[in-house]
Amino acid sequence: MKQLLMKRKKAFAFYLLACFFPVINQLMSQLGFALMIGTVESQSMNQFTLALAVTAGIVVASSLLQLLSRFMRIRFMRDTLLDIRLEAFDKILSESVASFSKKSKEVYLSHLINDINTFEQHFFHRLLNIIFGGGVYVFSIIILMFLDFWFAIGILAVSLGVFAITKTFESKTVALQQQVSELNEQLTVKVSNTFNGLEILKLNNIEEKFLGQTFEAVDHVEKKRFHYTVFTEGQRGLTNSLSFIIFIGILMVLMLKAFDGTSIGKITFMLQLANGCVWPIGQVVPMFNELKASIGIYQKITGTQAGSPEGAEQTSTEQVADVPFAFHHEIKIRDLAFAYDGKVVLDGANFVLQKGKKYLVKGPSGSGKTTLLKLLSKVYEDYDGQITVDGLDYKKVDINSFNHKISNIYQDVFLFEDTLLNNITLFKPMDHSKVEEAVERAGLSELISTRTEGLQMKIEENGKNLSGGQRQRIAIARAILRDSEILFADEATSSLNEQLGRAIEETLLKLDSTVIAISHRFYEGITEKYDAIIEIKNGVLHEYDSKVYFSEGVAL
Amino acid sequence: MKHEIMKRIPLLAVAVFVATIGFILDGWISIEMMNAIDTVIDKDRELFIQRSLRLMLAVSLLVPSQLLLAYLKGLYKKSAITGAKKHFLKQIFKKDIRSFQSDNNAEYLSCMTNDVKVIESDYIDGLFEIYANVMNFIVGIVVIAYVSVAALGVGILLGVVGMVVSMVMGKPLEKQQKQRSEFYKDYTIYIKEFLSAFQIIKSYGLHAKVKDDFHKKSEHIQERGYQIDRIVSYISATQNFLMMGILYSLMAFSVFLTLKGALTLGGVILIINNMEKILRPLMTISEWLPKLNASKGIFKRIDDLLMIKPSEPESVEINDFKAELTFDQVSFSFEENVVFDETSFRFDKGKKYLVVGPSGGGKSTMLRLIRKYFHPKEGIILLDGTNLNDIIKESYFEQLSNIEQQVFIFEDTIRNNLCLYKEISDAEIWSAIERAGLTQFVKSHAEGLDRMLYDNGKNISGGEKSRLAIARGLLQNAKIIILDEAFSSLDRQTAKQIEKTLLTLEEVTIINVSHVIFEESKALYDATYLVKNQKVSLVEA
């Protein structure tokens, strides 16, 4: 964190300075006010005019100072936040696919968006407030000490007392808030489930009972929220009353001084300074915690925690994986066991994939089809058992040489804001005739013919201007063009209509590559052309000859 | 829904009343404070002490009044929010069964978590804030008027100017913020796509390109954010300048009044303190009014969603399925598609039917027609000779049992999930469990039938859920069992087994919609229907 801030030493210094300006503003306006009130005592028109002029000057100066302060701050913030974004992104990009898959995408999304927003809020704003609050406190006490030493000490004592009081409320508020939010989440999940099941409830005439149950859950949440409201409102009311009481106390003490001859102007100034001292500590100290927490967030998203290894390429097995990928005969799976999220997916699976053959993976949802593909495409490496390619342990294969020889067609298609051509060739120079062939076989010719730019047509942000089916065809064209040794496909034709899906399935089955595909679609006359069907049941793989499989259990 | 909340007006009124007492107390304290300060100018120490004591008495009442207010405010909110949520849920539950398709469910949930939530925070809270602040404003005015009507006049004038200023400045500020969130929305979508395609990016070696792209995008968004921040800075600086000017003008005016002898020092202090009591409510009200206005639209949206469409009148109650369920020249269209065109077929009691056809061909529509979710546009569906439209839903549903692909598991015991809260003997339950192949699942835990299932069956496999649904279906002892792709989560062996069991049930009509068919069991069906090309036709064996 220090590195990041020190990167722009001068700008950071200016930033800190800019945070002090509000302190000056506050002290100036308190002075101006005191001057004004002073004229009530003196009853002098001249003094009034003078005070008026000074006050006007203060108003102008303060606004300018505020503007200046903001500009100095936002520039530094912009540059620092950009750095953080890039650091966080680079960290994610440097992860291996295996370690990336260990966490859900939501976590990374949060790192790149929410966490950075939280950081912006918590770090910069809290820093500003800490400097402001701390500055006001320190300067006010110092000035008071010059004006009336013992009074200043008294105010110091009061401020510490107030701090102790606010601290005791803090933790309960946070705890209550969390409870309310948790209960609310639970209620939402419960209601969501109930809505989904209402059809069945109605079919069986048992909705009333569930309505009652749901009502109870609502009561439960609202009761907790009631506690929270009463507590926080009560706390707020108490704090306000206390602040009022303290103000009046200070006022009375100062008025007694007036009886002893102190000028009203001076008293007014002291009153404002004193009042400005009492609360800042209570507000500022919790901010230190939030500041620390936000630094923690920074460290988390950029991977610069103390003791964590930079870059996450090493897997836990610490194996050296540097043998180039060579697939000439078969990939063997032996006693493969793998669990994900605590759930056992594969348990003693055995299978042999032969080069050039086409395999269809079937099974109910959640049975492990995608997991199997991920294991075979070296996304997951922490499995038990063995996967060998032509006798060589998969784990020893160099990931880069592996990636060169395989291609994927998944449900999610990533498109660059570039030409259609580049999206298909993925920026590698390719023979034009091969590109045309791939385009044809992927069923993209129609799309190209409708645009004058043809292959040069621009794909807009995230492929906004394309349908789901068109995006999938681009993914298919990519795979065809790559002409890899193994093709992994996960529901490649699910976004396409029957006719096009058929044509593409046929194309995929005609490729030279070894194909491992997951699909729930059945295309009469085409799907039977798979060499074998792999069914996953209870963590074990069963192989069926496709002819036998489809004549037995196929729709008319 | 607004009506439900309006029912809580009495509670609101009590809370506002107590808040007003608090404001009056504040006002009283201000006046006592003014009196105490004035004794200083007059250098009357005795009077000062006297007045100070009075002041302290007033102050001591502050704390209890605040606590009481907190309690009452909490009570009002609890009552209003609970009423609103319960009303929402009750209305949803009342809806017709056909309203619970998945798109609608997402809408209902989103309405509850978003719209109802906004009503909670903007409307319910807003009502209190507005009424309380109106009272605050009134008390503030009275207190200042007590001291100097001139100052009050000037104060209000300045206050109005201030409000106008903040409203005028507010609009461009809002616009800028909106623009900002638009940028971030697009940026977020880009990042989501990147994360989804991580494996592809890595495996195709596209790191450099993607990194470059991302850097550019981030720079862009940060720069645009910066531009917006600059504009916001100018706007808020101007706003601050004007507000400060207003406050100081008022103060200067009050001090000027003292020079003219129209006001005392205490009076000046009172005015300064209470101006805040007038301006702040005005600010608060101007903040909340637009929110309250916006909620009008939201109420309408909620009420529209909750509206229950009037259903066709049903008068016939049935308690048995005796002979046949006949579709006679039935036509049905859904949105733009013609699903059925004058098709006729029937289901006889006790017979077993297989229904096949391409996806999107009309199989699920047929089931929905059977379940009375829809009425045929033309033609008629007859149950034992009576028009299905006339039959009372609840009595009809007793005859049907539905086994779906997507199974809903209640957060309750296995027993209740199977019996659906009806009284069924253990012996019958175990028989159904066995026939559904669920025995091992139930016996695997010590609690057996009393084991609790949580989270919509998160820890249960798809196959086990299907078997649970089948056992459930069997226990309903219905005359017609409809299976809707019920076997797709099961492996072939189990599927074959359960199918055989179902096909041997006597006196029960089975309608099995499935794309998985086994040679051996084909023969056990009495007939196979093909749903295709807007017709339902018998398939020759």
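The values are calculated or read from the model by the stated rules, or taken from the named source; none is laboratory data. In this text the structure is predicted, and so the values were computed from the model without any measurement. All Cβ positions, glycine included, derive from the backbone under ideal geometry; neighbour counts span all protein chains shown. These accessible areas exclude ligands, DNA and RNA; they are computed on the full protein's heavy atoms, side chains included. Shrake-Rupley method; radii C 1.70, N 1.55, O 1.52, S 1.80 Å.
When we screen A:A492, A:A503 for residues that are among the hydrophobic types (A, V, I, L, M, F, W, C) and not in a helix (DSSP H, G or I), the only hit is A:A492. Looking at segment A:167-189, which of its residues are open to solvent by less than 70 Å² (accessible area, probe 1.4 Å) and at pLDDT 80 or above? Correct list: A:A175, A:L176, A:V180, A:S181, A:L183, A:N184, A:L187, A:T188. None of B:L474, B:L483 is more than 10 Å from every other protein chain (Cβ to nearest Cβ) and under 19 Å from B:S364 (Cβ atoms) except B:L483.
Would you say B:F397 is closer than 27 Å to A:G342 by Cβ and within 35 Å of the chain's Cα centre (by Cα)? In short, no. B:I392 meets each of the listed conditions (1) on the phi > 0 side of the Ramachandran plot; (2) open to solvent by 10 Å² or more (accessible area, probe 1.4 Å) apart from (1).
Given the structure, is A:E485 open to solvent by 40 Å² or more (accessible area, probe 1.4 Å) and under 29 Å from A:E417 (Cα atoms)? Answer is yes for this residue. Considering (1) open to solvent by less than 30 Å² (accessible area, probe 1.4 Å); (2) at pLDDT below 85; (3) of a type in the set (D, E, K, R), the lone condition that B:E411 does not fulfil carries the number (1). When the residues of segment B:178-196 are filtered to those that are facing another protein chain (nearest Cβ under 7 Å) and polar (S, T, N, Q), the one that is nearest to A:F414 (Cα to Cα) is B:S196. Every condition in (1) in a loop (DSSP other than H, G, I, E, B); (2) under 21 Å from A:E485 (Cα atoms) is met by A:T371 except one, and the failing one is (1).
When you scan segment A:62-75, do you find a residue that is under 27 Å from the mean Cα position of the chain (by Cα), of a type in the set (V, I, T) and within 7 Å of chain B (Cβ to nearest Cβ), even just one? Within segment A:62-75, one or more residues are under 27 Å from the mean Cα position of the chain (by Cα), of a type in the set (V, I, T) and within 7 Å of chain B (Cβ to nearest Cβ). Of all residues in segment B:291-328, those that are loosely packed, with under 14 Cβ neighbours inside 10 Å, over 16 Å from B:E4 (Cα atoms), of a type in the set (D, E, K, R) and under 35 Å from the mean Cα position of the chain (by Cα) total 2.
Only one entry of B:V116, B:V154, B:V139 meets the criterion of being touching a residue at least 12 places away in the same chain (Cβ under 8 Å) and open to solvent by less than 10 Å² (accessible area, probe 1.4 Å), and that entry is B:V116.
In the list B:G126, B:G74, which residue meets the criterion of being part of a helix (DSSP H, G or I), in contact with a Phe, Trp or Tyr (Cβ under 6 Å, 6 or more places away or on another chain) and facing another protein chain (nearest Cβ under 7 Å)? None of the other options fit; the residue is B:G74.
All told, A:S96 meets the bar of being at the interface with chain B (Cβ under 8 Å from one of its Cβ atoms) and either of a type outside the set (S, T, Y) or on the phi < 0 side of the Ramachandran plot (or both).
Among the candidates A:V23, A:V54, the residue that is more than 7 Å from chain B (Cβ to nearest Cβ), modelled with pLDDT of 90 or more and either in contact with a His (Cβ under 6 Å, 6 or more places away or on another chain) or open to solvent by less than 30 Å² (accessible area, probe 1.4 Å) (or both) is uniquely A:V23.
Looking across segment B:219-244 at every residue that is free of Cβ contacts under 8 Å to residues at least 24 places away in the same chain and open to solvent by less than 60 Å² (accessible area, probe 1.4 Å), the one that is nearest to B:V164 (Cα to Cα) is identified as B:M244. Residues in segment A:374-393 that are within 13 Å of chain B (Cβ to nearest Cβ) and at pLDDT below 90: A:K374, A:S377, A:K378, A:V379, A:Y380. Comparison of B:L524, B:L530 shows that the only residue that is of a type in the set (A, V, I, L, M, F, W, C), touching a residue at least 24 places away in the same chain (Cβ under 8 Å) and open to solvent by 50 Å² or more (accessible area, probe 1.4 Å) is B:L524. Of all positions in segment B:57-64, at least one carries a residue that is over 15 Å from A:L251 (Cα atoms), more than 9 Å from every other protein chain (Cβ to nearest Cβ) and modelled with pLDDT of 90 or more.
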